[in-house]
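What follows is one structure encoded as structure tokens, with my remarks underneath.
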Amino acid sequence: MFQSFKDFLSEITQAPQADSPAERAQRVQLAAAVLMVEVVRADGRLDANERATALAALHQRFDLAPEALAALLDQAQDSSRSAYDYQQFTSRINDAFSHDDKVRLVEALWQIAYADAHIDANENHAINKIAGLLYVTHGEYIAAKMRAKAAANIP
């Protein structure tokens, strides 16, 4: 019994193995995609325009091939279904993105929300929560929202 407890303690205190840069990049890409999927799903509808906007934002940020983008978004949908909070994804973004990149991500989330020409209260709440976890100030959050709204030609 003591040996199994000792093995357990040894296992949880071991330093994690170093990841390759490619593995880290994939985890960051997945984290960004999951946050986008969360916004797509927030209003209870899986809108094709929102999905297309998410794919375009991922392409712009990561410059992946169309097949890789579709696979990433599918993987993000699976991860989103089993996620219990945003923090596991925002922490990866915080480690990898500059502050300006995080503000641009929040703007992309707003672009996704505006893709169906309607902002649902749940979309607003999700983006607000994500922006807070990314340490984006309220002023930056509002400015990103206004830029996305103007880009969507919504009065």
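Listed values, structure above:
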item: Arg24 of a type in the set (Lys, Arg), surrounded by fewer than 21 Cβ atoms within 10 Å (Cβ to Cβ) and within 15 Å of Leu109 (Cα to Cα); result: no
item: Number of the condition not met by Asp85 [criteria: (1) charged (D, E, K, R); (2) surrounded by 16 or more Cβ atoms within 10 Å (Cβ to Cβ); (3) within 12 Å of the chain's Cα centre (by Cα)]; result: (2)
item: Verdict on Ala108 being in contact with a helix residue (DSSP H, G or I) (Cβ under 7 Å, 6 or more places away or on another chain), closer than 19 Å to Ala48 by Cα and at pLDDT 95 or above; result: yes
item: Residue match in the stretch 131-141 (condition: within 20 Å of His59 (Cβ to Cβ), hydroxyl-bearing (Ser, Thr, Tyr), touching a residue at least 24 places away in the same chain (Cβ under 8 Å) and in a helix (DSSP H, G or I)); result: no
item: For His118: the one exception among (1) assigned to a loop (DSSP other than H, G, I, E, B); (2) in contact with a helix residue (DSSP H, G or I) (Cβ under 8 Å, 6 or more places away or on another chain); result: (2)
item: Lone unmet requirement of (1) over 14 Å from Met36 (Cβ atoms); (2) crowded, with 21+ Cβ neighbours inside 10 Å for Pro66; result: (2)
item: Residue that is modelled with pLDDT under 95, at negative phi and basic (Lys, Arg), where the choices are Arg24, Arg92; result: Arg24
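The values are calculated or read from the model by the stated rules, or taken from the named source; none is laboratory data. None of the values given here were measured: they were computed from a predicted structure. With ideal geometry, Cβ positions are generated from the backbone for all residues, glycine too; neighbour counts draw on all protein chains shown.
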